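To start, the structure itself, in structure tokens.
The values are calculated or read from the model by the stated rules, or taken from the named source; none is laboratory data. Bear in mind that the values here come from a model prediction, so they are computed numbers and not experimental data. So basically every Cβ, Gly included, is an ideal-geometry build from the backbone, and we count neighbours across all protein chains shown.
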Amino acid sequence: MKKLFIAVFMFVSTFTTNIYADGHSIKMGIILGFTGPIESLTPAMAASAELAFKEASDSGSLLGGKKIEPLRADSTCVDSAAATTAAEGLISQGVAAIMGADCSGVTGAIASNVAVPKGVVMISPSATSPGLTTLDDKGFFFRTAPSDARGGQILADITKDRGIKSVAVTYTNNDYGKGLADVYAAAVKAHGIKVTTVAAHEDGKADYSSEVAVLASAGGDAVAVIGYLDQGGKGIIQGSIDSGAFDTFILSDGMIGDSLTDTFGKSLNKSFGSLPGSTGKGAGVFTKVAKKGGIDSSGPYTGESYDAAALIVLAMQAGGSADRGSIAKNVMAVANGPGTKIYPGQLKKGLDLLAKGKAVDYEGATGVNFTDVGEAFGSFLEKEVKGGKFKTKTQR
């Protein structure tokens, strides 16, 4: 009986591993932190990616009429072992590529331990650690979000422009938090702003009064919270408001989302931050396309998620195949042109042009343009809280 079970398992595994190329559906992985410190953000991110996959499926133009079957998996955002296991599960089911992961630590772990060795393209919409720039990815890892090497500088520029003279910095103790905190602290110092302390915090605690006490004793016009809105970053803000330690919060991209303002409302009215995004043509088009699809595109990384999925399907069409290696070879070509510009809602147009041997330049929701290592140059949105809600002030 045991031998029979193993034989059946091996047959099913072999069958599913090859289904993406057998004339039926093309399986695509979506791996995001559906549980964990950004779980309030990921449903809209996943839905945005699935919107692009559905658009390509419904077009009738993808590889002669192929359909895409998206498969979701949970990265947890913080548990690299669990994320790696989840990615292994997707790859064993025969996904042609992966949209994700999200947080930098788990993204690096999946890429290094699973995706790159297996030759599976990953396009992350939100992993921003500068350390990923030098990842030995063999050409299989891309990201539609720009590196924190630039994001930290942008946040520092906004801090200066807001007239902040001194700042305490707290960061979530992982690759994302430390990488961004290092860049940000150096950049604000270069602007002549005093950094009173730089202190790590751990996620998952019930009380952050001791961490807030350290920040308060150092002092500052504001505290920069580089973390996650559903975890320790939220706890730091709660402790600061409760104790009166700070009333101005400088927020990293992982801290910006409606769940934060739903909790604290007008108590955040002096606060501001930044996250990757655009106010260009593509962003406006995506807002309309997403709304039609029943998706609220106002949250972080929704446009980047749509773009990551769109790049995968266009790369497939450019190579005329769902083969994993072919996708990897064609991502840069469809991302950076030259060719006809393609925006959200125009995937059929892009697919038809590619089928005729024409070139496309995918602009997408975020003005996609990759560096030579496959990460977005990107633009940023300066966000501020007014009337207890996040508002976009300008594009940086």
| request: Kindly indicate whether any position in segment 287-302 is in the same structural domain as Ser104 (by TED's automatic domain parsing), at pLDDT 95 or above, buried (at least 16 other Cβ atoms within 10 Å of the Cβ) and under 23 Å from Ala111 (Cβ atoms). | output: yes
| remark: Looking across segment 67-92 at residues that are touching a Gly at 6+ places or on another chain (Cβ under 8 Å) and touching a residue at least 60 places away in the same chain (Cβ under 8 Å), the single one that is surrounded by the most Cβ atoms within 10 Å (Cβ to Cβ) is Cys77
| What is the one condition in (1) touching a Gly at 6+ places or on another chain (Cβ under 9 Å); (2) without any contact (Cβ under 8 Å) to a residue 24 or more places away in the chain that Ala283 does not satisfy? | (2)
| query | Which one is surrounded by the fewest Cβ atoms within 10 Å (Cβ to Cβ), of the residues in segment 134-152 that are of a type in the set (Lys, Arg) and at pLDDT 95 or above? | reply | Lys138
| said: Name the residue that is modelled with the lowest pLDDT, counting only residues in segment 21-45 that are part of a helix (DSSP H, G or I) and surrounded by fewer than 24 Cβ atoms within 10 Å (Cβ to Cβ). | reply: Ala21
| remark: Taking segment 160-182 and keeping residues surrounded by 24 or more Cβ atoms within 10 Å (Cβ to Cβ) and either of a type in the set (Phe, Trp, Tyr) or in contact with a strand residue (DSSP E or B) (Cβ under 6 Å, 6 or more places away or on another chain) (or both) leaves Val167, Ala168, Val169, Thr170, Tyr171, Tyr176, Gly177, Leu180, Ala181
| query | Of all residues in segment 364-396 being out of contact with any Pro (no Cβ under 9 Å at 6 or more places or on another chain) and either in the same structural domain as Arg162 (by TED's automatic domain parsing) or hydrophobic (A, V, I, L, M, F, W, C) (or both), which is nearest to Gly65 (Cα to Cα)? | reply | Val368
| said: Checking the conditions here, which among Gly239, Gly244 is farther than 18 Å from Lys383 by Cα and touching a residue at least 24 places away in the same chain (Cβ under 8 Å)? | reply: Gly239
| message | Can you confirm whether Ser124 is more than 22 Å from Ile236 (Cβ to Cβ) and surrounded by 24 or more Cβ atoms within 10 Å (Cβ to Cβ)? | response | yes
| message | Tally up the residues in segment 149-185 that are part of a helix (DSSP H, G or I) and touching a residue at least 12 places away in the same chain (Cβ under 8 Å), please. | response | 23
| query | Is at least one residue of segment 192-201 touching a Pro at 6+ places or on another chain (Cβ under 7 Å) and surrounded by fewer than 22 Cβ atoms within 10 Å (Cβ to Cβ)? | reply | no
